[in-house]
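Peer 1: Take this structure, written in structure tokens, and hold onto it; I'll ask about it next.
Rule-based calculations on the coordinates, nothing more; no lab input. If you're wondering where the values come from, they're calculated on a predicted model, not measured in any experiment. All Cβ positions, even for glycine, are placed from backbone atoms using ideal geometry, and neighbour counts span all protein chains on display.
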Protein chains: 4
Amino acid sequence: MIKVGIVGGTGYTGSELLRLLALHPQAELKAITSRGEVGQPVADMFPALRKRVNIAFSEPTFESLKDCDVVFFATPHGVAMAQSAELVNAGIRVIDLGADFRLKNTTEFEKWYGMPHSEPELLGQACYGLVESAREEIKKAKLVGLAGCYPTAVQLALKPLISHATPLIDESSIVADCKSGVSGAGRKAAVGSLFSEASESFKAYGVSGHRHLPEIEQGLELISGRKAQITFTPHLVPMVRGILATTYVKLNEHGLNTDIQSLYEQHYANEYFVDVMPKGSLPDTKSVRGSNFVRIALHRPQGRDTLVIVSVIDNLVKGAAGQAVQAMNAMFDLPEHTGLEQLPLSP
Amino acid sequence: MIKVGIVGGTGYTGSELLRLLALHPQAELKAITSRGEVGQPVADMFPALRKRVNIAFSEPTFESLKDCDVVFFATPHGVAMAQSAELVNAGIRVIDLGADFRLKNTTEFEKWYGMPHSEPELLGQACYGLVESAREEIKKAKLVGLAGCYPTAVQLALKPLISHATPLIDESSIVADCKSGVSGAGRKAAVGSLFSEASESFKAYGVSGHRHLPEIEQGLELISGRKAQITFTPHLVPMVRGILATTYVKLNEHGLNTDIQSLYEQHYANEYFVDVMPKGSLPDTKSVRGSNFVRIALHRPQGRDTLVIVSVIDNLVKGAAGQAVQAMNAMFDLPEHTGLEQLPLSP
Amino acid sequence: MIKVGIVGGTGYTGSELLRLLALHPQAELKAITSRGEVGQPVADMFPALRKRVNIAFSEPTFESLKDCDVVFFATPHGVAMAQSAELVNAGIRVIDLGADFRLKNTTEFEKWYGMPHSEPELLGQACYGLVESAREEIKKAKLVGLAGCYPTAVQLALKPLISHATPLIDESSIVADCKSGVSGAGRKAAVGSLFSEASESFKAYGVSGHRHLPEIEQGLELISGRKAQITFTPHLVPMVRGILATTYVKLNEHGLNTDIQSLYEQHYANEYFVDVMPKGSLPDTKSVRGSNFVRIALHRPQGRDTLVIVSVIDNLVKGAAGQAVQAMNAMFDLPEHTGLEQLPLSP
Amino acid sequence: MIKVGIVGGTGYTGSELLRLLALHPQAELKAITSRGEVGQPVADMFPALRKRVNIAFSEPTFESLKDCDVVFFATPHGVAMAQSAELVNAGIRVIDLGADFRLKNTTEFEKWYGMPHSEPELLGQACYGLVESAREEIKKAKLVGLAGCYPTAVQLALKPLISHATPLIDESSIVADCKSGVSGAGRKAAVGSLFSEASESFKAYGVSGHRHLPEIEQGLELISGRKAQITFTPHLVPMVRGILATTYVKLNEHGLNTDIQSLYEQHYANEYFVDVMPKGSLPDTKSVRGSNFVRIALHRPQGRDTLVIVSVIDNLVKGAAGQAVQAMNAMFDLPEHTGLEQLPLSP
């Protein structure tokens, strides 16, 4: 049994980790920490876990976590950075669901997150955690900076194209129009996330700059070795879970002569969680809700040279807690879908 | 492995059976029938099942089902009545998620369902399928008329009170104010169930008479041996899944002197799926969504003699497909929670 | 033109007052105050008002309001109590949308609101603002403590019965099962009101005691001169606007011999905003959304002695800002529907 | 008073026309027709109109409409085509909210709507009804083919750019990623529009080809005299009303040297319904809900050469019934906002 700790269990990614790990046949939850809630049973905060998860919150100290094999950080940026070194040095593997170990460039980190990076050396050792892209590195990694939710949806949409040796598209002019459910904003009280504000409404946000933009551009470069340029627009959808990314790319001569559908099907043929849908299909977010699946569909409207790639994930699962468990499974040589076989909840 | 068939798999209870049975460790899906969709893979209709459920719809004939150990009917009323006898006679156990075998009185059936009952004899052998009430009968039953969604929520709310030897409440004057998500109306195209109609609105319906009223009154009498009288008002909530029943009873002298909280806790102490919440709590439907749990809370406002019982279930799980699987588990001597351990999806 | 001021314009009742008053042909908005937002145009906070409401927030001082004919308080309890005397003494009429002047008994006020009442004398002069019940008093009142949202829905549902000289029902045992949209919780950041918490869920709250309980019981006594006893259960509906009250009363011999439908139709025949629906109908909250209408339907299930009264309002309009404008119209001898003719927004 | 008739009043655009016209100070509703509902009061179908709209449905014949000054068609395609000639010949002005008179090219019409155009001559006289673009033509028109909902949002987003004498953008490569509430699908019973399907989900549809694509391309050419090429992707948002279009254009050298914000502000300076928001803003659909307003915001992420234009409308108002009334006002020389002053309903 893998002994697991969670730092920061009072948000949605923390409670989602609990939901998944509680039924994971090879994981044993040893500790969940929260400075503000020490001693409180987690099921008091998350009644959905009543009768099945009996652990209480403990102090966010090394002492609470020192017997773990792996520790997940489900915390705002800055926390994992401050506490990971001690764990890693003690031989405990760390998977950060936050942003501290995603951007490799500390100047970029400081620009987008408004704080200097205090652990540049540790950052150097960290592996970027998009499992389908970095499986082998993750298996050996001591520290994983898990991919963000939007970046997961967009990178998996582009990966078969981008990883091609010669470019198939104009990589300097990609549009990723992304839509997320409100749970992406987390479980913190904020007027903009109130039901009365978000319900029966739709909006774009962060149009002039969002922290996931540099992450996506870095991720694409990691895959292809080439620089790509994205216009990334996030939108808020009046639903709880789900991300849909509509990605627009311009096919070049080479791309126009390629069977893109086959390219995707072959590229993902061995991926348990990636479903390349048949020609003519379109996925909805409900078809992945509560599951770790990604569904992708490809369209070329009017036979013109713009390819439209539609990809869907559950932002709390494949975009956070599920991918974290998938990374843990890879690290501990388990089949990647162990504990992640839940079918989507639909309707 | 229990060999399972489903008749009528194109509605929400059918697809929910698929979701649950696909991961059931002791069940094997042999056939799913639908007159209109013969040959179509179920995953084409329900993309959430893609890559995991590979069966296609077959003809709704005895031939399709004859190798099954148990057959679920997820059909409108009238269908199970017409097809069950042949199966039961062949030694195949039948669990009807519809209404054909709920009401024992054929006159009542005809009054509320607008058609005569064609199988009164079979009806006589049928067991009313509220597992917590009729576990032992279900184990032996050849035919189960599964409890309806509202009746499950209301009967479990009242059972500890009603099953007391001497009445604790005025059993002639119970109010059950019930609220259901829209999936209760099924997957059929109807103007009233459109998103634009049901969303951002709330209404009562069937106030002057709803088919679940006689079922609840019959169920309570089955439990207590005494006649009870209910005012039952269903309401439509702009959400997909979930039922919340607010049940009002007037405590009599005996009831006022009873520790009702303890009564409930003891009554349900050994029930895996029933959670009597601590004093002062109130459940929300999201805390059971996607799971087979029931949560119940008890309040006596202002110390007056009216007791308010709040109970929640997922109408498609404990109110339909989950309870059906629970009944199957009981029939085949499996632990009742086999294949039903999913934690609620929240948020 | 009536010169109008609003104290506390940053919540939903404040912005709803703006929406209604902006198009009121006889009202002129002179000042809207907010301590925290002095100088900010209201349209910056409420973009729906852009290009049509050009006023900015001012200091919440007497100076800001001294030229008004009437001042609305759309503030948490305690504020109107502290600031009304000065206005009333200056001859400015005050309509408090909050709770400070609703409960006549200061002991009850302190019990339910957790603070002593600092203006018992002013409270003595205040008129309880349910317009259909207290029209004549409101016309002369200097200070109105506007009825709460739930109390409006429940009292209008019961008024024709309760105002009958001889009781028609058991007035000691009324059940009011009420359901409200989330805007009732206001525009303050709170985890329980987040979209991810409230959406796709339904719950009861305040079951053991809610501040609107004593207000409803007092209001019914004001109408009938007799004490009534209510079991009042509020619930939270995943929608923004709307209240539906399902009220259960037991008809006595006299009530059973009365034509209740006619009683209601006659009672409300001259009320512009009250719609007694035809026999057999049931209203939904969407049919009053954005409007000041109340719709009421009456049912007697199974011909038994329990009468079910279903009433709907928009909690922000008839339950708050609309009723406030209606009261203002009455005070200033305008037709009550002046500026309140908007038809419901449906779908 | 303008005498008004409506053909096909049982859908959402029909009922929205009723909501707006009922309070229009210069319009008088003479007839509303519906083959299936002759004799039924419209308020029985749309309870939101109870007590305020007293007309009943009549036969969809010329006789019913012959006394009107203007007739609105709120019908599926094919109907207005069949019935308009008789009205136009009788001197009655016709505004078609459907698609029959939008596409000027009958081959294109047949390709996208699957039926030949039976009135090519009438089509030749029809004016394309985007009021901000074709005001002067509409004033004189006998027949208006009102702009569709998506085309309104996209064309108004692009108009200031496109109407520039020398191109400011690459007009051959525009992306319009559009999102609509479910009311856009109309009031017809269809599984895909059910609450349980559309709620808590998000999807793209019609990606490989949607009828509004040729309409947008034609509309842009009407404005600029130049051909433009759009990749148009509609998406379904789990809300009732609202369209948000995120339009991506590539600025050319000339565009990069233009102050785009000023260009838009000046272009729309005299338009009552168009709100060019200040730099840095982003509109949400709720800020126009129930109103005829359009809000537009402009962003150039990272200072790169892609301009992102976000525009919002209420699909049933500015995208249908409101624009129809605006066109009527123009035709009859009324101020364009007559009867259209309602402020958005928010929250």
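Peer 1: At 7 angstrom along the Cα-to-beta-carbon line, where would the label on C:E221 sit relative to the other copies? Give the distances in nm, shortest first.
Peer 2: Ordered by distance, the counterparts are at 4.3, 7.4, 7.7 nm.
Peer 1: For segment B:77-125, with the dipole built from +1 on Lys and Arg beta-carbon atoms and -1 on Asp and Glu ones, taken about the Cα centre, which of B:W112, B:L122, B:V88 lies farthest toward the positive end?
Peer 2: B:W112
Peer 1: Moving to a separate point now. Please report the relative contact order for chain A, taking Cα pairs under 8 Å with a sequence separation of at least 6, and give it as a percent rounded to a whole number.
Peer 2: Relative contact order, chain A: 17 percent.
Peer 1: Determine, for D:H299, C:H77, A:H164, the number of other Cβ atoms within 10 Å of each Cβ, and report the residues in order from fewest to most.
Peer 2: Fewest-to-most ranking of D:H299, C:H77, A:H164: A:H164, C:H77, D:H299.
Peer 1: DSSP beta bridges in chain B, what fraction antiparallel, as a percent rounded to 5?
Peer 2: If we restrict to bridges inside chain B, about 40 percent are antiparallel.
Peer 1: Where in segment A:220-285 are there trypsin sites (Lys or Arg not before Pro) that are in a DSSP coil and have at most 15 other Cβ atoms within 10 angstrom of their Cβ?
Peer 2: A:R226, A:K227, A:K279
Peer 1: Which ³J(HN,Hα) values in Hz, rounded to whole numbers, follow from the phi angles of segment B:103-117 under the Karplus curve 6.51 cos²θ - 1.76 cosθ + 1.60, where θ = phi - 60° and Gly and Pro get x?
Peer 2: With the stated coefficients, segment B:103-117 comes to 7, 6, 8, 5, 5, 4, 4, 5, 4, 8, 10, x, 8, x, 8 Hz.
Peer 1: Here's something else I'd like to know. Per DSSP H run of n ≥ 4, the term is -39500 (n - 2.57); total these for chain D, divide by its residue number, and report the mean residue ellipticity at 222 nm rounded to 500 deg cm²/dmol.
Peer 2: Rounded to the nearest 500, the figure is -8500 deg cm²/dmol.
Peer 1: Under unit Cβ charges (Lys, Arg +1; Asp, Glu -1), what dipole magnitude, rounded to 20 debye, does segment B:50-184 have relative to its Cα centre?
Peer 2: So the magnitude is around 560 debye.
Peer 1: Taking the 0 to 90 degree range and rounding to the nearest ten, how far is the long axis of helix A:12-21 tilted relative to the main principal axis of chain A, both from C-alpha atoms?
Peer 2: Taking Cα atoms only, the helix is inclined about 80 degrees.
Peer 1: For a Förster distance of 51 Å, can you work out the FRET efficiency between the beta-carbons of B:E341 and B:V191, rounded to the nearest 0.05?
Peer 2: Calculated value: 0.85.
Peer 1: If a/c stays under 1.5 just call it rounded; otherwise compare a/b with b/c (prolate if a/b is bigger, oblate if not). Do that for the protein assembly as shown, with a ≥ b ≥ c from the square roots of the Cα gyration tensor eigenvalues.
Peer 2: Rounded is the answer for the protein assembly as shown, as its axis ratio a/c remains below 1.5.
Peer 1: List the relative contact order of segment C:1-102 as a percent without decimals, with contacts defined as Cα pairs under 8 Å and 6+ residues apart.
Peer 2: The normalised contact order for segment C:1-102 reaches 30 percent.
Peer 1: Now, a different point. Any idea which of C:Y264, C:L194, C:Y205 is furthest toward the positive side of the dipole for segment C:150-315, if Lys and Arg beta-carbons carry +1 and Asp and Glu beta-carbons -1?
Peer 2: My answer, from the dipole projection, is C:L194.
Peer 1: Specify the inter-centroid distance of segment D:195-223 and segment D:310-347, based on alpha-carbon positions, in whole Å.
Peer 2: 21 Å
Peer 1: Which cross-chain or sequence-distant (5 or more) residues have an amide H under 5 Å from the amide H of D:G242, H modelled 1.01 Å from N in plane?
Peer 2: Amide H neighbours of D:G242, under 5 Å, 5+ apart: D:G181, D:N315, D:L316.
Peer 1: Check B:T33: other-chain or 5+ apart residues with amide H under 5 Å from its amide H, H built from backbone geometry?
Peer 2: Under 5 Å from the amide H of B:T33: B:I6, B:V7, B:G8, B:G9, B:S58.
Peer 1: Okay, moving on. Please report D:T233, A:T61 as a ranked list, fewest other C-beta atoms within 10 angstrom at the top and most at the bottom.
Peer 2: So the ranking, lowest neighbour count to highest, is A:T61, D:T233.
Peer 1: Measuring label to label, 7 Å along Cα→Cβ, what does A:R135 give against each other copy in nm, shortest first?
Peer 2: Between copies, matching label points for A:R135 lie 4.5, 6.2, 7.7 nm apart.
Peer 1: Ok, one more. Net charge near B:V276, counting Lys/Arg +1 and Asp/Glu -1 over other residues with Cβ under 12 Å of its Cβ?
Peer 2: Spelling it out: positives minus negatives among the neighbours equals +2.
Peer 1: Then there is this: Would you please classify the overall shape of segment D:85-209 from the alpha carbon gyration tensor, given that a ≥ b ≥ c denote the square roots of the eigenvalues, rounded means a/c under 1.5, and beyond that prolate means a/b larger than b/c while oblate covers the rest?
Peer 2: oblate
Peer 1: Run the label-point distances for A:T106 please: 7 Å along Cα to Cβ, every other copy, nanometres, shortest first.
Peer 2: So the distances to the same position in the other copies read 6.5, 7.3, 8.5 nm.
Peer 1: Within a Cβ distance under 12 Å of B:E265, other residues only, what is the Lys/Arg minus Asp/Glu net charge?
Peer 2: Counting the neighbours of B:E265, the net charge comes to -2.
Peer 1: First select every other residue whose beta carbon is under 14 angstrom from the beta carbon of D:N292; then total the charges, Lys and Arg +1, Asp and Glu -1.
Peer 2: Overall, the nearby charge balance is +1.
Peer 1: Nothing charged except the Cβ atoms of Lys and Arg (+1) and of Asp and Glu (-1): what's the magnitude of the dipole of chain A about its Cα centre? Round to the nearest 20 debye.
Peer 2: 600 debye
Peer 1: Go through C:A153, C:N54, C:S224 and say which Cα lies farthest out towards the positive end of the charge dipole of chain C; charges sit on Cβ, +1 for Lys and Arg, -1 for Asp and Glu.
Peer 2: So the residue furthest toward the plus end is C:N54.
Peer 1: Please give the FRET efficiency for A:T106 paired with D:E271, using the beta carbon to beta carbon distance and R0 = 60 Å, rounded to the nearest 0.05.
Peer 2: 0.80
Peer 1: Among the listed pairs A:K111/C:K188; A:K179/D:K250; B:K250/C:K318; A:K51/B:K3; A:K159/D:K227, which have their C-alpha atoms separated by more than 24 angstrom in this model?
Peer 2: A:K111/C:K188; B:K250/C:K318; A:K51/B:K3; A:K159/D:K227
Peer 1: Right, something else. Test of understanding: ordering C:V191, C:V317, B:V276, C:V79 by Cβ neighbours within 10 Å, fewest first, what list do you get?
Peer 2: Ranking C:V191, C:V317, B:V276, C:V79 by Cβ neighbours within 10 Å, fewest first, gives C:V191, C:V79, B:V276, C:V317.
Peer 1: Which residue in C is nearest the C/B rotation axis when you measure from the C-beta atom, and what is the distance in Å?
Peer 2: Reported as residue, whole Å: C:D177, 2.
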